[in-house]
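The values are calculated or read from the model by the stated rules, or taken from the named source; none is laboratory data. Not measured: the values here are computed from a predicted model. All Cβ positions, glycine included, derive from the backbone under ideal geometry; neighbour counts span all protein chains shown. Surface areas here come from the heavy atoms of the whole protein model, side chains and all, with no ligands, DNA or RNA. Shrake-Rupley method; radii C 1.70, N 1.55, O 1.52, S 1.80 Å.
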Amino acid sequence: MHKHAAGLALFLLAAHASADDFANCLLTTSRHGTVPSALASCRSEHPNGYANVLKGSGDRSRYRTAQECVAAHAPANAEADRRTLAGQACQCLYDRSESADENCDSDFEKRGIYPLQGVRPGQQK
């Protein structure tokens, strides 16, 4: 019976991983599973990660700011990994871009953020 439950969980994660882009996939999938399983599922679905997500491309009818997005996807009492994942995905989608064609990967690199790790240069994991 336990194997069936695990199979059902993987099936549900795969179904949720089909969001339009990597950032939305992470937000959607992490609601229904662990952070590592969300990362694995979304990396499989969107192998280029944040490189194919335009900075600031989130649906403004859902959230006006990255902070609103984070509050909805990772409340203050959520574990640190979930808050980091939601924070990075929400910053990608809802922070304003300096240029119309900037992708989230280049924005994170410019700011010294290593996506999905939550570590800035000089910090320890």
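Per-structure values
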{"item": "Estimated distance in nm for a label pair at S106 and N77, the labels positioned 7 Å out from Cα along Cα-to-Cβ", "result": "4.2"}
{"item": "Cut-off under 5 Å, modelled amide H: who pairs with Y114 long-range", "result": "V119"}
{"item": "3J(HN,Hα) from dihedral phi, segment 42-48, Karplus parametrisation 6.51/-1.76/1.60, rounded to Hz, x for glycine, proline", "result": "6, 5, 5, 6, 10, x, 8"}
{"item": "Under Karplus coefficients 6.51, -1.76 and 1.60, residue-wise ³J(HN,Hα) of segment 82-99 in Hz, glycine/proline x", "result": "5, 5, 5, 4, 5, x, 5, 5, 5, 4, 4, 7, 10, 6, 6, 9, 7, 9"}
{"item": "Sequence of E109, E79 when ordered by accessible area, the most exposed leading, probe 1.4 angstrom", "result": "E109, E79"}
{"item": "Amide H within-cut-off set for N103, under 5 Å, with H built and near neighbours excluded", "result": "K55"}
